[in-house]
Structure formats: structure tokens, C-alpha cells
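Written below as C-alpha cells is the structure these notes are about.
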Amino acid sequence: GAGVSQSPRYKVAKRGQDVALRCDPISGHVSLFWYQQALGQGPEFLTYFQNEAQLDKSGLPSDRFFAERPEGSVSTLKIQRTQQEDSAVYLCASSSRDSWDEQFFGPGTRLTVL
Amino acid sequence: RKEVEQDPGPFNVPEGATVAFNCTYSNSASQSFFWYRQDCRKEPKLLMSVYSSGNEDGRFTAQLNRASQYISLLIRDSKLSDSATYLCVVSFTGGGNKLTFGTGTQLKVEL
């Protein structure tokens, strides 16, 4: 079946631009996570949704970062006024209610801020 | 101090060798433990969960020592296709089910 998909796969933004990154989780998966992976590092947690409810946003690095999942399916991560330090791969993962610990990751969006 | 620490490597080993990776975690409330594999420019994929009793999946053996807050992964008879970055991952009670990753250990298996 279809896995987690993300778009765009690559995004180049000029410093100060706003960007929106999309995640389509596996159909029926209740939980959705966003992670940020800088070069040479492991992924770091940004935020977590259960259905449409954002239950944890403790990892968002600043108020320039905003995530939503209005209908409990597709999610968008928005970054306002991008900075060079935002350059990273943004990974989305989803998990089902029954196996809530196993997270399936999408291919990521590689963001480069010039 | 990072919550999950790993030796970044790289570990360069010949095909057929046995290689071991170690990981320590700092949060004693950690509840679930995993090894993920990440190929270059790809997403992380679950390799195996780690249980207190230790568990094996083919050539891969994972062990957990809760008292020492230490996790290990042993790969026997390594193959060229095992070349990847291995990420040590924990989740903890009260943390929802968000995952905390180590920086990863890079393995290169050579002819």
C-alpha cells in the first residue's frame, strides 16, 4: 500500500520567504509527527498530532514554525521568514492507533535557505 | 549532554565481519527502544525494537540494559548492503510517543 508521502521533495527559499511543507500520512493513521534533521545529525522532534489535535509542539524551534492538520489527515508545516539555520530535511512520520510506537517515515523535504 | 549518545563512526569493516554499536540514554523514564536504519539521503526505517530480554532477527541482535541505560546492536556476517547509518532511538513515559534519536553511527562494509 501507499506509504507516507511528502511534497515538495526539494525546496530552495531565499532568506525571509515563507514556505509550506505538506505531509500525506498513511491512510487511517491517527498519529502524525514532524521531525527536523540537520546534516550529520539524527532527526529531532518538532510536533505531534493525534487526529486533528496538536498534542505536543514543544520541539518547534521558534514562533516562525507552525503546523496544522485541520481534518486529521494531511498536515502542513509552515515556516515564516525563513533563516539559513532552517536549512534541513523535514521528515513526517505517521503511526496507527494499534501500533502507536512504530512510526513510518516519509521521504522528507530537503529545505535549503539561501 | 544529548539524551541519546552514539559513537558517530564511521565503522569501516570487511564483508563477513561482526560489528557492534553501542548507545546510552540519559532519561531513566525511557520506555521503548529501537534501532532504525537510514540509507544515504533516505528516510529512517525501523530495523528492530529492543527488549529487556534481548532479541534477535537473523544476523541482528539487540540488547538493552536498563540499569546501565545502555543499548547495543550486533551485526554478524556483515554484508555490503548493511552499509548505512544506524540510529539508536528511545521514547519515554510522559513523552507521548515522540521518538528521541541519537546522531547515528555510520557503517561501511567493504569487499
| message | Could you check the stretch B:65-111 and list, in sequence order, the residues that are farther than 27 Å from A:PHE33 by Cα, among the polar types (S, T, N, Q) and open to solvent by less than 10 Å² (accessible area, probe 1.4 Å)? | response | B:SER78
| task | Identify the single condition in (1) within 11 Å of the chain's Cα centre (by Cα); (2) over 20 Å from B:ARG41 (Cα atoms); (3) open to solvent by 30 Å² or more (accessible area, probe 1.4 Å) that A:ALA67 does not satisfy, given that it satisfies every other one. | result | (3)
| Which of the following residues is within 30 Å of B:GLY9 (Cα to Cα), open to solvent by 10 Å² or more (accessible area, probe 1.4 Å) and more than 14 Å from chain B (Cβ to nearest Cβ): A:GLN37, A:GLN17, A:GLN84, A:GLN80? | A:GLN84
| If you take the residues of the stretch A:87-114 that are of a type outside the set (Phe, Trp, Tyr) and open to solvent by 60 Å² or more (accessible area, probe 1.4 Å), which of them is farthest from A:LEU21 (Cα to Cα)? | A:ASP98
| note | Checked B:VAL50, B:VAL89, B:VAL109 against criteria (closer than 25 Å to A:CYS23 by Cα and either away from chain A (no Cβ under 14 Å) or among the aliphatic types (A, V, I, L, M) (or both)); the one match is B:VAL89
| If you go through the stretch A:48-63, how many residues are within 9 Å of chain B (Cβ to nearest Cβ) and not charged (D, E, K, R)? | 5
| Unmet criterion (only one of (1) surrounded by 19 or more Cβ atoms within 10 Å (Cβ to Cβ); (2) farther than 28 Å from A:PRO107 by Cα; (3) small (Gly, Ala, Ser)) for B:ALA62 | (2)
| Do the conditions hold for A:PHE45, that is, is it touching a residue at least 60 places away in the same chain (Cβ under 8 Å), at the interface with chain B (Cβ under 9 Å from one of its Cβ atoms) and surrounded by 14 or more Cβ atoms within 10 Å (Cβ to Cβ)? | no
| remark: Residue hits (the stretch A:20-34; aliphatic (A, V, I, L, M) and either more than 12 Å from chain B (Cβ to nearest Cβ) or surrounded by fewer than 18 Cβ atoms within 10 Å (Cβ to Cβ) (or both)) are A:ALA20, A:LEU21, A:ILE26, A:VAL30
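The values are calculated or read from the model by the stated rules, or taken from the named source; none is laboratory data. Because the structure is predicted, anything quoted here is derived from the model rather than measured. We place every Cβ from the backbone using ideal geometry, glycine too, and count neighbours over all the protein chains shown. In case anyone asks, the SASA skips ligands and DNA or RNA and just uses the protein heavy atoms, side chains included. Shrake-Rupley method; radii C 1.70, N 1.55, O 1.52, S 1.80 Å.
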